[in-house]
Amino acid sequence: MSFYQMNITRFLTVYVAQGVMCFYFAFLAYKILKRDRKRLNAIFSGFYICNVIALCVNFIYATLTDENIVLAMHSITTFFAFYSPIFILVFELMLLKPEKVITHKKQITILIGYAVVLSFMAIFLLIEDWGVEVGAPNWTPHWMLPFFLYFVLIVSICVVGPSFFISYQIYKKFEDIQLKRKWKYFIFGLGAFYACAYGIFVSNFLDIPLFRTIIGIVDLILIISGAYLMYNGVGRQLE
């Protein structure tokens, strides 16, 4: 499938909708790091940077038809897209606990540990009917049930549940009304991002073209609004 053979729906999804996402995420990461490059800012920007990497890799393999290359690059895209939330979790821990508790060493341990857990996806890819299928005519990734369940469980247990729990703990600590309101923006943005993630999981598992299109449109709205709410709630205040 060449660039010219790509159907219009996939072209709009990959190169237009996701192109807008990629630019917007890169812009927000730049804004955060430009303000200050201290560790807290770097960790928070890691969320946006990982998504930029995932989208850029997706742009490359969207027109390819070699099964091994497509599977490998889809795995890289999937890894970075769903590795990104761990930076939010570490960021929240740094806000909730003093640096003496959440030391730099512990931050690195959490980041590496989650990376190792996500890397276990390779085991599923090596087992027939357990991983991901790609092929003609659309060459869109189709997740098998074990792969789908693995990602739902890992993301839910390792990042979604802990992130919302810690977010609530931080919210309770705030006494200033304005800070509470800003943190609500952050939580709503986080919710939008995770809703987008689960939409991708289901879309890749069901592999229904119409459903993919609908999810693509909904996810564009969710991820743009979510990224903005998270930045507006926290990113602007990172000094």
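The values are calculated or read from the model by the stated rules, or taken from the named source; none is laboratory data. Note that this is a predicted model, so its numbers are computed, not measured. Virtual Cβ from ideal backbone geometry, glycine too; neighbours counted across all protein chains shown.
Can you run down the residue pairs with Cβ atoms below 7 Å, 6 or more apart or on separate chains, where the first is in region 82-110 and on the phi < 0 side of the Ramachandran plot and the partner is assigned to a loop (DSSP other than H, G, I, E, B)?
Qualifying pairs under 7 Å: Leu93/Ile102; Met94/Ile102.
Within region 58-73, track down each residue that is over 20 Å from Val116 (Cβ atoms) and either touching a helix residue (DSSP H, G or I) at 6+ places or on another chain (Cβ under 8 Å) or of a type in the set (A, V, I, L, M) (or both).
Asn58, Phe59, Ile60, Tyr61, Ala62, Leu64, Ile69, Val70, Leu71, Met73
Looking for whichever is among the hydroxyl-bearing types (Ser, Thr, Tyr), farther than 23 Å from Gly235 by Cβ and modelled with pLDDT of 90 or more here; the options are Ser2, Ser45, Ser84, Ser75. Which one fits?
Matching residue, one of Ser2, Ser45, Ser84, Ser75: Ser75.
Within region 160-182, identify whether any single residue is within 26 Å of Ile208 (Cβ to Cβ) and in contact (Cβ under 8 Å) with a residue 24 or more places away in the chain, and answer yes or no.
yes
So is Ala26 at pLDDT 85 or above, of a type in the set (Gly, Ala, Ser), surrounded by fewer than 19 Cβ atoms within 10 Å (Cβ to Cβ) and more than 14 Å from the chain's Cα centre (by Cα) or not?
no
Can you name the residue in region 32-55 that is in contact (Cβ under 8 Å) with a residue 12 or more places away in the chain and surrounded by fewer than 16 Cβ atoms within 10 Å (Cβ to Cβ) and, of all such residues, is nearest to Phe80 (Cα to Cα)?
Arg39
Listed residues Ile53, Ile32, Ile43, Ile88; which is among the β-branched types (Val, Ile, Thr), touching a Gly at 6+ places or on another chain (Cβ under 8 Å) and closer than 24 Å to Phe193 by Cα?
Going through Ile53, Ile32, Ile43, Ile88 in turn, the sole match is Ile32.
Return the only residue of Ile102, Ile43, Ile88 being within 27 Å of Lys172 (Cα to Cα), assigned to a loop (DSSP other than H, G, I, E, B) and touching a helix residue (DSSP H, G or I) at 6+ places or on another chain (Cβ under 7 Å).
Result of the check over Ile102, Ile43, Ile88: Ile102.
In region 125-166, which residues are assigned to a helix (DSSP H, G or I), over 23 Å from Ala192 (Cβ atoms) and at pLDDT 95 or above?
Within region 125-166, Leu145, Pro146, Phe147, Leu149, Tyr150 qualify.
Identify, by number, the condition in (1) surrounded by 15 or more Cβ atoms within 10 Å (Cβ to Cβ); (2) within 30 Å of Ala136 (Cβ to Cβ) that Ile69 doesn't meet.
Of (1) surrounded by 15 or more Cβ atoms within 10 Å (Cβ to Cβ); (2) within 30 Å of Ala136 (Cβ to Cβ), only one is false for Ile69: (1).
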